[in-house]
Amino acid sequence: MSESHVWDEVDAYFTDRLAPDDEALAAALRDSDAAGLPHINVAGNQGKLLQLLAQIQGARHILEIGTLGGYSTIWLGRALPADGRLVSLEYDPKHAEVAVRNIARAGLDKLVEVRVGPALESLPKLADENPPPFDLVFIDADKVNNPHYVEWALKLTSTGSLIVLDNVVRGGRVTDAQSTAPDVTGTRAAIELIGSHPRLSGTAIQTVGMKGYDGFALARVLA
């Protein structure tokens, strides 16, 4: 049995028993697939991890950078109280349209707002609204802009907030200091920012599973 096959089986075992999709989640994946969205959404067990992190945080305000079809958005939105708020930023109007339908079907449309456009344009506008500090920021968008997203996350959070940066391993390429690939350089810059910034305490974890060899970084905002 190949290593990747074992990873898939273990992921399926954990997901089936600890984070099974219900109809709203399954439909979100079906509709995303039918609309031709790329298969880059988080896995079910990873979505459950995001939900647990938000619940551990006691999150009332969540920012997501990168909506795709809204699958991770649903997991995060379900962690919010009835008066909570989730703002999700999506570059592609087609993706956003699919996500809005999926989020509404999950009964979260009163808690979740999807904003369409380049995140680096949406973030300053969001900051101008002077929203309450976000308790959790999940970054899962174009990797070249990862350091900019982390910087904006710092501006929009406060002491104790949590920043989650997805897809940081890049199949192991993150270690290549000579790489000029935008996804690698952007990810390396974000990791180095987290490691050197006086207001951040972070770590990164490698993962294997149905999404292949990857990982994520966690950073807590300090005073």
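Within the listed set Pro20, Pro147, Pro38, the Gaussian network model of the chain (springs between alpha-carbon atoms below 10 Å) gives the highest mean-square fluctuation for Pro38.
Determine the share of the chain's accessible area contributed by carbon and sulfur atoms, expressed in whole percent, with a 1.4 angstrom probe. Carbon with sulfur: 55 percent of the solvent-accessible area.
Length available on full extension from Ser179 to Lys110: 0.36 nm per residue minus the Cα-Cα distance, which gives 20.5 nm.
The calculated FRET efficiency for Met210 paired with Val144, based on their beta-carbon distance and R0 = 25 Å, is about 0.50.
Using a probe of 1.4 Å on the protein chains alone, the accessible area found for Asp33 is around 90 Å². Lys48 exposes around 50 Å² of accessible area when a 1.4 Å probe is run over every protein chain in place.
Protection proxy ranking, highest mean first, for peptides 51-63, 132-144: 132-144, 51-63, where packing is the per-residue count of other beta-carbon atoms within 10 Å, averaged. Heavy-atom accessible area for Arg78, with the other protein chains in place and a 1.4 Å probe, reaches approximately 80 Å².
Rolling a 1.4 Å probe across the protein heavy atoms gives the chain an accessible surface of 47 Å² per residue. Cross-link pairs exceeding 22 Å between alpha carbons, from the set Lys94/Lys155; Lys48/Lys211; Lys110/Lys211: Lys94/Lys155; Lys110/Lys211. Taking other residues whose beta carbon is less than 11 angstrom from the beta carbon of Ser88, and scoring Lys, Arg as +1 and Asp, Glu as -1, yields -2. Near Ser196: Cβ cut-off under 13 Å, other residues only, Lys/Arg at +1 and Asp/Glu at -1. The net charge is 0.
The values are calculated or read from the model by the stated rules, or taken from the named source; none is laboratory data. Computed from a predicted structure; not experimentally measured. All Cβ positions, even for glycine, are placed from backbone atoms using ideal geometry, and neighbour counts span all protein chains on display. Side chains included, ligands, DNA and RNA excluded: accessible areas come from the protein's heavy atoms. Shrake-Rupley method; radii C 1.70, N 1.55, O 1.52, S 1.80 Å.
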